[in-house]
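Data first, discussion second: the structure below is written as C-alpha cells.
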Amino acid sequence: MKNYLEYDVLIIGTGIAGLSSAIKLNESGKKVALITNRSKPEESNSYWAQGGIIYMDSDDKLIDDDIQAASNQTSNSLAIEHIEENSKKIVDEVLFKKAGTTFTKDDNGKLKFTQEAAHSFPRIIYNDDATGKAIEISLLNYLEKCEHVDLFTQMTAVDLITPSHHGIEIHQRYETTKVVGAYVFDQKKEKVIKFLAQKTILATGGANALYLHHTNSPTTRGDGQAMARRAGAELSNMEFIQFHPTTFYGPSHHRRFLISEALRGEGAKLVNGSGERFMKKYHDDLELAPRDVVSRATINEMIENKWDCVYLDITNESKPHLKKRFPNIWNHLENNKYDMSTDLIPVVPAAHYTCGGIKVNQSGETNLKNLYAVGEVSCTGLHGKNRLASTSLLEGLTYGYTTAEFMLDDLNEDVYSHLKIRDWSSSQEEVDMSLVAQDKMIIKNTMWNYVGINKSRNRLLRAKAMFSSLHEQVQKFYRGAAMHDELIGLRNSVEVALIITNASLRSVEN
Ligand SMILES: Cc1cc2nc3c(=O)[nH]c(=O)nc-3n(C[C@H](O)[C@H](O)[C@H](O)COP(=O)(O)OP(=O)(O)OC[C@H]3O[C@@H](n4cnc5c(N)ncnc54)[C@H](O)[C@@H]3O)c2cc1C
C-alpha cells in the first residue's frame with residue numbers, strides 16, 4: 001500500500017477559504033487534494049456563521065472608514081483595498097453564479113440587507129440567521145462538479161514537509177527552505193502518509209477553541225498556525241483574539257451559542273442586572289459600538305457587580321417577526337425555555353475570532369516558498385486589532401479565490417520526489433485519552449482566566465510558566481504515543497497558547 005500521494009496543490013481545510021481556493025483551482029485542470037480532519041466536510045466555523053457576508057457596491061465609500069474605526073485604525077490598508085477591488089465580483093461569480101447560494105430576499109425578489117455593529121449602513125446580505133450553513137453547503141454541492149479536486153475526510157495534517165528538515169540526505173539541508181506538502185494522519189487506516197504537492201494552502205481556521213468559553217467549532221485549535229510556525233513561517237497579531245459580547249448564558253459544553261449581532265443591528269438593547277442600559281456609560285454608539293468595546297463593558301459590569309451575565313432585550317419586536325427573522329436563535333432559546341418576544345436573553349462574552357495568524361501578503365504568500373495561507377488561519381492585516389462584523393466570510397472567500405488565481409501562473413514545477421522525504425515514524429503505545437482531556441482543560445481554563453478579555457502582566461507571566469511546562473510534558477508524551485487526531489490537536493493547542501501568551505506579554509509590556 002502506497003504511503004504517499006502526489007498533487008499539484010494540497011489544500012488543508014474545507015471551510016469557505018479552502019473551498020474557494022479549490023473551486024478556483026479546479027478551472028485550471030491542475031490536480032488538487034482537499035483534506036479535512038472531520039468526517040463531514042461541512043464541520044467548520046464557516047458552517048456556523050450566522051449574521052451574513054458583506055456585499056459591497058463599488059461606490060461604498062465608507063467601508064474603509066468602518067473597518068479602520070472598528071480596529072481602532074490598526075487595519076492594513078492594502079488588505080482593505082484588496083477586498084474593495086475584488087470581493088464583489090467574487091461573491092457574484094462564486095456564490096451567486098457557481099454555487100447558487102440563497103440569500104434572504106424581499107417580496108419583490110430583491111436582496112435584503114442588514115446592519116451589524118460599527119457598520120455605517122446596512123450592507124450585509126444574509127440567509128435568515130444561518131448564512132454560513134447556506135454558503136458552506138452550496139459550495140460543497142458545487143465542489144461535487146469539480147472533477148480535478150479530490151476530497152479526503154478524516155485526514156489530519158500533522159506537519160508541513162520541508163526537505164531541509166525531512167529530507168533523507170544531509171545535502172537537502174542546504175536547499176532553500178520550502179514546503180513540499182504535508183504529513184497527514186489517515187484516521188481510518190491509523191497511519192501517516194505523505195501528501196506531496198507543488199504548493200500547499202493552509203485554510204485550517206482560527207484558534208478560539210483554546211478558550212473555555214467560545215462560539216466556535218472544535219476544529220479551531222490552532223493546527224495551521226502551529227504547523228506553520230514549526231516549519232519556520234512568521235505569525236503576526238496573535239494577541240488579538242476577538243470576544244463576541246453576546247453568547248447565550250445557559251448550560252454550556254464550552255461552545256456557547258451565539259446570539260447574532262444582527263439582533264442589536266435590528267434594535268436589541270443590552271441591559272445589566274439592574275435593568276440599566278449600561279452601554280450609555282461606555283460608547284456613543286451604544287450597543288452598536290465595536291465588539292471589543294461592548295465585550296469589555298459587559299465584563300466590567302459583571303465583575304463590578306458580581307453578576308453572572310447581562311441581558312439582551314428585543315421585546316419591542318413582535319413574536320412573528322422574531323420567529324421569521326431569527327429562526328435558529330428562536331429555536332435555541334425556545335428549547336431553553338426563553339421566549340425572546342417577552343423574556344430578556346441572558347448573555348456573556350466568549351472567544352470568537354482570531355484576528356492574527358500566519359503572515360501573508362496580498363497574494364496569500366507566506367515567508368516560506370510554496371506555502372500559502374487563506375481565511376482565519378492567515379493574517380492579511382484586514383482586521384487589525386479588532387474585526388468589523390461580517391468581514392471574515394468575505395475575506396476567506398476573496399483571498400481563497402485570489403490566492404489560487406495568483407499561483408496558477410507558477411504551477412509548472414515537478415512535485416518533490418517522495419523517495420527523498422523520510423517516512424513518518426510513530427510509536428505504537430495507545431494514547432491515554434484522560435491525559436489528553438485533562439491537558440486540554442488546563443489550556444482552556446488558563447487561556448480564559450489569564451489570557452482573556454482583561455489581561456495583565458502578572459496573569460500572562462503565570463500563563464507563560466504554565467504553558468511552558470505543559471509544552472515540555474506534551475512533547476514527551478506525544479513522542480511516545482500512537483497518532484490520534486486529539487493528540488495532534490493537543491500538541492498544536494499548547495504551542496499556540498504559548499504563542500498567544502507571548503504576543504500578549506509583548507503588547508502589555510510596550
Ligand atoms: C458562531 C459563529 C458565527 C459567525 N458569524 C459570522 C458572520 O455572520 N459573518 C462573518 O463574516 N463571519 C462570521 N463568523 C466567522 C467566520 O465563520 C469564520 O471566520 C470563517 O468561516 C473562517 O473560515 P475558514 O475557511 O478560514 O475556516 P473554517 O471554516 O474554520 O474551516 C477550517 C477547516 O480546516 C479544517 N482543519 C483544521 N485543522 C485541520 C488539520 N490539522 N487537518 C485537516 N483539516 C483541518 C477544519 O476541519 C475545517 O474544515 C462566525 C463564526 C462563528 C463561530
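The values are calculated or read from the model by the stated rules, or taken from the named source; none is laboratory data. This one's a predicted model, so the numbers in the text were calculated from it and none came from an experiment. Because the Cβ atoms are built from the backbone with ideal geometry, glycine has one as well, and the counts that use them run over all protein chains shown.
Hey, can you tell me all the residues within segment 367-380 that are within 15 Å of the ligand (Cβ to nearest atom) and over 30 Å from TYR311 (Cα atoms)?
As a first pass, look at segment 367-380 and keep what is within 15 Å of the ligand (Cβ to nearest atom): 371-380.
Passing the criteria: LEU371, TYR372, ALA373, VAL374, GLY375, VAL377, SER378, CYS379, THR380.
Scan segment 304-329 for residues that are buried (at least 18 other Cβ atoms within 10 Å of the Cβ), over 30 Å from SER378 (Cα atoms) and under 25 Å from the mean Cα position of the chain (by Cα) and jot them down.
The answer is PHE326, and nothing else.
Taking the condition of being at pLDDT 90 or above, in a loop (DSSP other than H, G, I, E, B) and in contact with a Leu (Cβ under 6 Å, 6 or more places away or on another chain), how many residues in segment 403-449 meet it?
Total satisfying the criteria: 2.
What pairs can you find where one residue is in segment 202-219 and within 22 Å of LEU160 (Cβ to Cβ), the other is more than 10 Å from the ligand (Cβ to nearest atom) and small (Gly, Ala, Ser), and their Cβ atoms are less than 7 Å apart, with a gap of 6+ or different chains?
LEU202/ALA228; LEU210/SER493; LEU210/ALA497
For GLY375, are the conditions met, namely being at pLDDT 95 or above and over 21 Å from VAL451 (Cβ atoms)? Quick ask: steps written out before the conclusion?
Values: at pLDDT 95 or above: yes; over 21 Å from VAL451 (Cβ atoms): yes.
In short, yes.
When you scan segment 261-270, do you find a residue that is on the phi < 0 side of the Ramachandran plot, away from the ligand (no atom under 16 Å from the Cβ) and either touching a helix residue (DSSP H, G or I) at 6+ places or on another chain (Cβ under 9 Å) or in contact (Cβ under 8 Å) with a residue 12 or more places away in the chain (or both), even just one?
Initially, segment 261-270 is screened for residues on the phi < 0 side of the Ramachandran plot, giving 261-266, 268-270.
Narrowing the set further to residues that are away from the ligand (no atom under 16 Å from the Cβ) leaves 269-270.
Keeping just the survivors that are either touching a helix residue (DSSP H, G or I) at 6+ places or on another chain (Cβ under 9 Å) or in contact (Cβ under 8 Å) with a residue 12 or more places away in the chain (or both) gives 269-270.
Yes, that holds for at least one residue.
Do you know which residues across segment 362-397 are hydrophobic (A, V, I, L, M, F, W, C) and either farther than 21 Å from ASP66 by Cβ or not assigned by TED's automatic domain parsing to the domain that holds VAL180 (or both)?
The first filter runs over segment 362-397 and keeps only residues hydrophobic (A, V, I, L, M, F, W, C), leaving 368, 371, 373-374, 377, 379, 382, 388-389, 393-394, 397.
Within segment 362-397, LEU368, LEU371, ALA373, VAL374, VAL377 qualify.
Determine which single condition HIS253 fails, assuming it passes every other condition in (1) at pLDDT below 95; (2) away from the ligand (no atom under 15 Å from the Cβ).
Unmet for HIS253, out of (1) at pLDDT below 95; (2) away from the ligand (no atom under 15 Å from the Cβ): (2).
Considering only segment 169-209, how many residues are surrounded by fewer than 24 Cβ atoms within 10 Å (Cβ to Cβ), part of a loop (DSSP other than H, G, I, E, B) and within 15 Å of the ligand (Cβ to nearest atom)?
2
Which count do you get for residues in segment 317-335 that are assigned to a loop (DSSP other than H, G, I, E, B) and more than 20 Å from GLY51 (Cβ to Cβ)? Before the answer, list the steps.
Restricting attention to segment 317-335, the residues satisfying the condition of being assigned to a loop (DSSP other than H, G, I, E, B) are 317-318, 326.
The next check asks that each one be more than 20 Å from GLY51 (Cβ to Cβ); those that pass are 318.
Qualifying residue count, segment 317-335: 1.
Would you please name the residue that is nearest to the chain's Cα centre (by Cα), looking only at residues in segment 77-126 that are under 22 Å from TYR401 (Cα atoms) and in a loop (DSSP other than H, G, I, E, B)? Explain how you work it out, then say what you get.
Filtering segment 77-126 down to residues under 22 Å from TYR401 (Cα atoms) leaves 77-103, 123-126.
So of that shortlist, the ones also in a loop (DSSP other than H, G, I, E, B) come out as 100-103, 123, 126.
Details: GLY100: 24, THR101: 21, THR102: 23, PHE103: 22, ARG123: 22, TYR126: 19 Å.
If we take residues in segment 77-126 being under 22 Å from TYR401 (Cα atoms) and in a loop (DSSP other than H, G, I, E, B), then TYR126 is nearest to the chain's Cα centre (by Cα).
Restricting attention to segment 466-480, does a residue exist that is touching a residue at least 60 places away in the same chain (Cβ under 8 Å) and within 16 Å of the ligand (Cβ to nearest atom)?
Step one: list which residues in segment 466-480 are touching a residue at least 60 places away in the same chain (Cβ under 8 Å), which gives none.
No, that holds for no residue.
So in segment 236-250, with the set limited to residues that are farther than 30 Å from TYR338 by Cα and more than 15 Å from the ligand (Cβ to nearest atom), which one is surrounded by the fewest Cβ atoms within 10 Å (Cβ to Cβ)?
SER236
Considering each of SER493, SER469 in turn, give the residue that is surrounded by fewer than 21 Cβ atoms within 10 Å (Cβ to Cβ), under 26 Å from MET433 (Cβ atoms) and at pLDDT 95 or above.
On the way: SER493 fails: surrounded by fewer than 21 Cβ atoms within 10 Å (Cβ to Cβ).
Of the residues listed, the single one that is surrounded by fewer than 21 Cβ atoms within 10 Å (Cβ to Cβ), under 26 Å from MET433 (Cβ atoms) and at pLDDT 95 or above is SER469.
Residues being assigned to a strand (DSSP E or B) and surrounded by 24 or more Cβ atoms within 10 Å (Cβ to Cβ): count how many of those fall in segment 360-394.
Final tally of qualifying residues: 5.
Here's a check for you: in segment 210-226, which residue that is near the ligand (Cβ under 7 Å from one of its atoms) and assigned to a helix (DSSP H, G or I) is surrounded by the fewest Cβ atoms within 10 Å (Cβ to Cβ)?
Ranking the qualifying residues of segment 210-226, first place goes to ASP223.
Regarding segment 230-239, can at least one residue be identified that is assigned to a helix (DSSP H, G or I) and more than 20 Å from the chain's Cα centre (by Cα)?
Step one: of segment 230-239, the residues assigned to a helix (DSSP H, G or I) are 230-231.
The next check asks that each one be more than 20 Å from the chain's Cα centre (by Cα); those that pass are 231.
Checked against the condition, which is being assigned to a helix (DSSP H, G or I) and more than 20 Å from the chain's Cα centre (by Cα), segment 230-239 yields at least one hit.
So which of SER46, SER39, SER28, SER20 ends up being more than 13 Å from the ligand (Cβ to nearest atom) and assigned by TED's automatic domain parsing to the domain that holds ASP223?
Details: SER46 fails: more than 13 Å from the ligand (Cβ to nearest atom); SER39 fails: more than 13 Å from the ligand (Cβ to nearest atom); SER20 fails: more than 13 Å from the ligand (Cβ to nearest atom).
That would be SER28, the only listed residue that is more than 13 Å from the ligand (Cβ to nearest atom) and assigned by TED's automatic domain parsing to the domain that holds ASP223.
So which residues in segment 88-97 are surrounded by 14 or more Cβ atoms within 10 Å (Cβ to Cβ) and out of contact with any Ser or Thr (no Cβ under 9 Å at 6 or more places or on another chain), if there are any at all?
Initial filter on segment 88-97 (surrounded by 14 or more Cβ atoms within 10 Å (Cβ to Cβ)): 88, 90-91, 93-96.
Correct list: GLU93, PHE96.
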